[in-house]
Amino acid sequence: MTARFELHRFQDATGVSGIGVVADGVVFDCGYAVVCWRETTRIETPTVGWYPDIKAVVYLLRRLPKQPT
């Protein structure tokens, strides 16, 4: 079963994405995860990324500055 999710950011060290809900995503039955980063005042075109699984998305978020673990 596919599962939808939202990514919430509590702090934004770069000032690019802002705080709150910054991306929407889906995890497919095969395990792949797709994330669509939302538009902001500084980013006019959403960015879409494909990841091998949700663990890769979590790893990415934890590598960004000032993310809660």
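The values are calculated or read from the model by the stated rules, or taken from the named source; none is laboratory data. Please read all numbers here as calculations on a predicted model, not as lab measurements. Neighbour counts are summed over all protein chains in view; Cβ atoms, including those assigned to glycine, are modelled from backbone coordinates with ideal geometry. The protein model used for the area step is the full one, side chains on, heavy atoms only, and it has no ligands, DNA or RNA in it. Shrake-Rupley method; radii C 1.70, N 1.55, O 1.52, S 1.80 Å.
For the range 33-40, does any single residue satisfy the condition of being within 23 Å of Met1 (Cα to Cα), aromatic (Phe, Trp, Tyr) and either in contact with a Pro (Cβ under 9 Å, 6 or more places away or on another chain) or at pLDDT below 90 (or both)? Within the range 33-40, one or more residues are within 23 Å of Met1 (Cα to Cα), aromatic (Phe, Trp, Tyr) and either in contact with a Pro (Cβ under 9 Å, 6 or more places away or on another chain) or at pLDDT below 90 (or both).
All of Ala3, Ala13, Ala23 fail the test of being among the small types (Gly, Ala, Ser) and surrounded by 14 or more Cβ atoms within 10 Å (Cβ to Cβ), apart from Ala23.
Close contacts from the range 10-37, counting a first residue that is in contact (Cβ under 8 Å) with a residue 40 or more places away in the chain and a second that is among the hydrophobic types (A, V, I, L, M, F, W, C) and open to solvent by less than 40 Å² (accessible area, probe 1.4 Å), with Cβ to Cβ under 9 Å and a gap of 6+ residues or different chains, come to Asp12/Val22. Taking residues in the range 44-62 that are under 16 Å from His8 (Cα atoms), and partners anywhere that are open to solvent by 80 Å² or more (accessible area, probe 1.4 Å) and polar (S, T, N, Q), the pairs with Cβ atoms closer than 8 Å and at least 6 places apart or on different chains are Arg62/Thr69. Checked against the criteria, Gly20 does not count as at pLDDT 85 or above and in contact with a helix residue (DSSP H, G or I) (Cβ under 9 Å, 6 or more places away or on another chain).
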